[in-house]
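The values are calculated or read from the model by the stated rules, or taken from the named source; none is laboratory data. None of the values given here were measured: they were computed from a predicted structure. All Cβ positions, even for glycine, are placed from backbone atoms using ideal geometry, and neighbour counts span all protein chains on display. Note: areas computed on protein heavy atoms with side chains; ligands, DNA, RNA excluded. Shrake-Rupley method; radii C 1.70, N 1.55, O 1.52, S 1.80 Å.
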Amino acid sequence: MGVGDLENFLSSPAAQSVSGQTWEAIRERAVGGMQNPVLPADVRLRWAALAISAVRGKSTAESMDSRVSAAAEVHVRSYVICEFGRVDDGNLQDLESLTRLMFHAIGMSREQVAASAADWRNSGRAEMLTLRRIKNLVTPLKEVVHLFEPGDPRRAEVEDWLALTSRLP
């Protein structure tokens with residue numbers, strides 16, 4: 001299936017009943033298209049948008065943990081910003097909206113996470129998993145943090161979170 005075929009399918013009523021497994025197959029196909037350097041940039045960006053739609057569809061179909069689905073979206077969007085540049089329009093390539101998504105998905109302050117990270121080896125499985133998911137949310141931003149203006153408070157905030165990842169499981 002090409003990008004247009006999948007776009008048409010996802011806009012049809014049939015997409016509402018797709019299984020999590022099918023969404024994952026669509027996501028894998030879309031990520032492959034997004035990363036294909038032979039394709040024109042506009043087509044690769046369409047594939048990226050499909051990858052995000054598939055992540056969201058899978059999340060709904062499987063009632064996924066919001067941090068897991070957000071991390072998948074953060075990975076796609078970070079790749080897109082690295083590959084195609086930052087566009088401050090609130091959409092796929094918007095660095096500010098990407099960081100808002102990450103912070104919202106974390107759902108905890110940096111101080112809370114740092115306190116939990118201090119003794120994570122003695123934590124229960126659920127807390128370790130939460131910390132791991134937070135690490136998965138933050139880590140992709142190491143590739144795009146340099147795109148913030150020097151002195152931008154958001155850059156400093158992201159850098160502080162990135163410094164914390166080495167202490168997370």
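Summary table below
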| read-out | value |
| --- | --- |
| Over segment 111-169: Kirkwood hydrodynamic radius from C-alpha pairwise inverse distances, Å | 12.1 |
| Whole-percent carbon and sulfur share, accessible surface of the chain, 1.4 Å | 50 |
| Whole-Hz couplings from phi, Karplus 6.51/-1.76/1.60, listed for segment 34-46; x for Gly and Pro | 4, 8, 7, x, 6, 6, x, 4, 5, 6, 4, 5, 5 |
| Protection-proxy order for peptides 134-144, 91-101, each taking the mean of Cβ atoms within 10 Å per residue, highest first | 134-144, 91-101 |
| Placed amide H near Gln93: partners under 5 Å, 5+ positions off or other chain | Val87 |
| Amide H contacts under 5 Å for Gly107, placed H, 5+ residues apart | none |
| Using θ = phi - 60° and Karplus 6.51 cos²θ - 1.76 cosθ + 1.60, couplings along segment 63-75 (whole Hz; Gly, Pro as x) | 6, 5, 4, 4, 5, 5, 5, 5, 4, 5, 5, 4, 4 |
| Sum of -39500 (n - 2.57) over DSSP H runs of 4+, divided by residues of the chain (222 nm, nearest 500) | -21000 deg cm²/dmol |
| Using alpha carbons only: equivalent-ellipsoid semi-axes of segment 8-147, gyration tensor based, whole Å | 28, 20, 12 |
| Residue-by-residue Karplus 3J(HN,Hα) for segment 18-29, coefficients 6.51, -1.76, 1.60, Hz, glycine and proline x | 6, 6, x, 5, 5, 4, 5, 5, 5, 4, 4, 5 |
| Accessible area of the chain divided out per residue, in Å², using a probe of 1.4 angstrom | 52 |
